[in-house]
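The values are calculated or read from the model by the stated rules, or taken from the named source; none is laboratory data. What you see is a predicted model; the values in this text were computed from it and never measured. So basically every Cβ, Gly included, is an ideal-geometry build from the backbone, and we count neighbours across all protein chains shown. With ligands, DNA and RNA removed, areas are computed over all heavy atoms of the protein, side chains included. Shrake-Rupley method; radii C 1.70, N 1.55, O 1.52, S 1.80 Å.
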Amino acid sequence: IIEHVINGIETAKKRNLPDRVIDFIRTHHGTTTVYYFLQKARKEDGEVNEEDFRYPGPLPFSKETAILMMCDSVEAASRSIKEPTSKVIDDFVEKIINKQMKDGQFLNSDITFMEI
């Protein structure tokens, strides 16, 4: 699953997309862990190397790349919600973004807590 970032960068370069767009592809997962697949592997295999389920980064380095990371994570994870309600979705979004902040994913971007 992690290879899609590298594949996306290669495809973008072949298509001569601007570096700014490639930066978004490169940073949209930062150095986060692919939690769903990590948990699945742990259930199936027991001991796994968590680093095998971590994106290589770099961290987002602008407000825009940080916002994309938040949106992409929420969109992908929201597919797992069985019974979406306003409260469930609000709590879900807050949990995801709080984890990203706790993990230091926005330290290189110039986004403030107030803006988040």
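Computed values, structure above
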read-out	value
Residue match in region 22-35 (condition: touching a Lys or Arg at 6+ places or on another chain (Cβ under 8 Å), part of a helix (DSSP H, G or I) and modelled with pLDDT of 95 or more)	yes
Cβ pairs under 6 Å, 6+ apart, first in region 33-48 and without any contact (Cβ under 8 Å) to a residue 60 or more places away in the chain, second of a type outside the set (Phe, Trp, Tyr) and not in a loop (DSSP other than H, G, I, E, B)	THR33/ARG54; VAL48/ALA41; VAL48/ARG42
Failed condition for ARG15, given (1) open to solvent by 90 Å² or more (accessible area, probe 1.4 Å); (2) in contact (Cβ under 8 Å) with a residue 12 or more places away in the chain	(2)
Top-ranked residue of region 1-12 - restricted to ones that are in a helix (DSSP H, G or I) and open to solvent by 40 Å² or more (accessible area, probe 1.4 Å), ranked as nearest to ASN108 (Cα to Cα)	ILE6
Within region 93-103, tally of residues that are among the acidic types (Asp, Glu) and surrounded by 13 or more Cβ atoms within 10 Å (Cβ to Cβ)	1
Residues of region 71-116 that turn out to be among the charged types (D, E, K, R) and more than 22 Å from VAL34 (Cβ to Cβ), as a count	5
Residues of region 36-82 satisfying the condition of being surrounded by 15 or more Cβ atoms within 10 Å (Cβ to Cβ), among the small types (Gly, Ala, Ser), in a helix (DSSP H, G or I) and at pLDDT below 95	ALA41, SER73, ALA77
Selected residue [open to solvent by 90 Å² or more (accessible area, probe 1.4 Å), outside any helix (DSSP H, G or I) and at pLDDT below 95] from ASP110, ASP90	ASP110
